[in-house]
Amino acid sequence: MQSLSKPLQIGVTGGIGAGKSLVCQIFQALGIPMYNADQRAKWLMNHHQTLIAEIKQHFGKEAYLPDESLNRKYLSEKVFSNETLLKQLNALVHPKVEEDYQQWVLQQMAPYIVKEAALLIEAGSYKTLDYLITVNAPETVRLRRVLLRDTHRSAQEVQAIMRKQLSDHERAAKADFVIVNDDKSLIVSKILQLHQRFLKEAAK
């Protein structure tokens, strides 16, 4: 459980297009601090000098552009399409994100905080949290959302990403709470219930 020096820690995860960011935005609207692990990972890959050196060592100096910014095109072509290399990259990035997150947690004064990450379960970092929420939605709904949002992706590309990710059933098996975001269910009332629950537990 939480220590005296830390707020209650809640994880939010879900597959591509499930709507985990929307859920996190509602928690933020309630005044809850939110840590976006995927955004911080991108920031660290561009600013954390030790991580930059490790990425160059493993994937070559071409992994960065002359201005020292991440060469996303190079990594996309060389790493993201290769499962073995992607695991190697994640093994470098995830520990740095976890260090960054733990430092961030210590700075928060809220009763509870939310950590959003696509790979909370896969990276194993959900085990350090007090509760895990997974956001689920039917694959057809997720596909439609992603194609509207990411106009550069084809349906085949999105479906390939989905196949590589855990299924909704696998996520639900690890989660403490499931929010169904299928454009029919009322998610705000569900989040408000969880909000009250977390506040009460944090106050114990």
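FYI, it's all coordinate maths here, none of it is from the lab. Note that the coordinates shown come from a computational prediction; the quantities given were computed from them, not determined experimentally. Backbone-built Cβ (ideal geometry, glycine too); neighbour counts: all protein chains shown.
For the stretch 177-192, just list the computed ³J(HN,Hα) in residue order, Karplus coefficients 6.51, -1.76 and 1.60, θ = phi - 60°, integers in Hz, with x standing in for Gly and Pro.
Working through the residues one at a time gives 9, 10, 10, 8, 10, 9, 6, 10, 6, 8, 8, 5, 5, 5, 5, 4 Hz.
Binned at 5 Å from 0, what are the whole-percent values of the Cα-Cα distance distribution for the stretch 37-107, short to long?
Pair shares across the bins are 3, 16, 29, 26, 15, 6, 4, 1.
Modelled label-to-label distance, Lys6 and Ala53, 7 Å Cα→beta-carbon offset: nm?
Taking the two extended label points, one gets 2.8 nm.
Less than 13 Å Cβ to Cβ from Phe27, Lys/Arg counted +1 and Asp/Glu -1: what total charge do the surrounding residues give?
Values: positive: Lys20, Lys115, Lys190, Arg197; negative: Glu116.
Around Phe27, the surrounding residues sum to +3.
For Ala173 and Gln39 in one chain, what is 0.36 nm times their gap in residues minus the Cα-Cα distance, to one decimal in nm?
Details: separation 134, 0.36 × 134 = 48.24 nm, distance 2.59 nm.
Working it through step by step, the gained length comes to 45.6 nm.
For the stretch 1-105, calculate the relative contact order in percent as a whole number, restricting contacts to Cα pairs under 8 Å that are 6 or more residues apart. Mind showing how you got there, number by number?
Details: 55 pairs, mean separation 24.4, N = 105.
Taking the mean separation of contacting Cα pairs over the length of the stretch 1-105, I get 23 percent.
Write out the GluC sites (Glu not before Pro) in the stretch 10-99 meeting two conditions: DSSP loop, and at most 12 other Cβ atoms within 10 Å of their Cβ. Each step should come with its number before you reach the end.
On the way: sites: Glu54, Glu62, Glu68, Glu77, Glu83, Glu98, Glu99; in loops: Glu68.
Taking the stretch 10-99 and a limit of 12 other Cβ atoms within 10 Å, the loop GluC sites (Glu not before Pro) found are Glu68.
Over the chain, what is the mean sequence separation of C-alpha contacts under 8 Å (at least six apart), divided by residue count, expressed as relative contact order in percent? Let's see the in-between values first.
On the way: 254 pairs, mean separation 76.4, N = 204.
After rounding, I find 37 percent.
Using modelled backbone amide H atoms (1.01 Å from N, in-plane), which distant-in-sequence or interchain residues come within less than 5 Å of His48's amide H?
Amide H neighbours of His48, under 5 Å, 5+ apart: none.
Under a plain spin-label model, where a point goes 7 Å from the Cα along Cα-to-Cβ, how far apart in nm are Gln25 and Tyr74?
Here the answer is 3.5 nm between the modelled labels.
Quick one: what are the phi-derived ³J(HN,Hα) couplings along the stretch 107-120, Karplus 6.51/-1.76/1.60 with θ = phi - 60°, whole Hz, x for glycine and proline?
For the stretch 107-120, the Karplus curve yields 8, 8, 10, 6, x, 8, 10, 10, 10, 9, 7, 5, 10, 4 Hz.
Assuming 1.002 mPa s and 20 °C, estimate D for the chain with Stokes-Einstein, Rh taken as the Kirkwood radius over Cα pairs, in µm²/s.
Details: Rh = 18.2 Å.
Value of D from the Cα-based Kirkwood radius: 118 µm²/s.
Against the longest principal axis of the chain, how steep is helix 83-106, in degrees 0 to 90 to the nearest 10, with axes from Cα atoms?
Orientation of helix 83-106: about 50 degrees from the principal axis.
Which distance in Å, rounded to a whole number, links the C-alpha centroids of the stretch 142-204 and the stretch 107-139?
Measuring centre to centre over Cα atoms gives 11 Å.
Between Val158, Val105, Val135, where does the largest GNM mean-square fluctuation fall for the chain, given springs only between Cα atoms within less than 10 Å?
Val158
Show me, for the stretch 158-172, the HN-Hα J-couplings you get by feeding each phi into the Karplus relation (A = 6.51, B = -1.76, C = 1.60, θ = phi - 60°), rounded to Hz, glycine and proline as x.
Along the stretch 158-172, the couplings run 5, 5, 5, 5, 4, 5, 7, 8, 5, 7, 4, 5, 5, 5, 4 Hz.
Counting only residues 5 or more places away or on other chains, whose amide H sits under 5 Å from the amide H of Ala118 once H atoms are built in the peptide plane?
Counting only residues 5 or more places away or on other chains, the set is Asp38.
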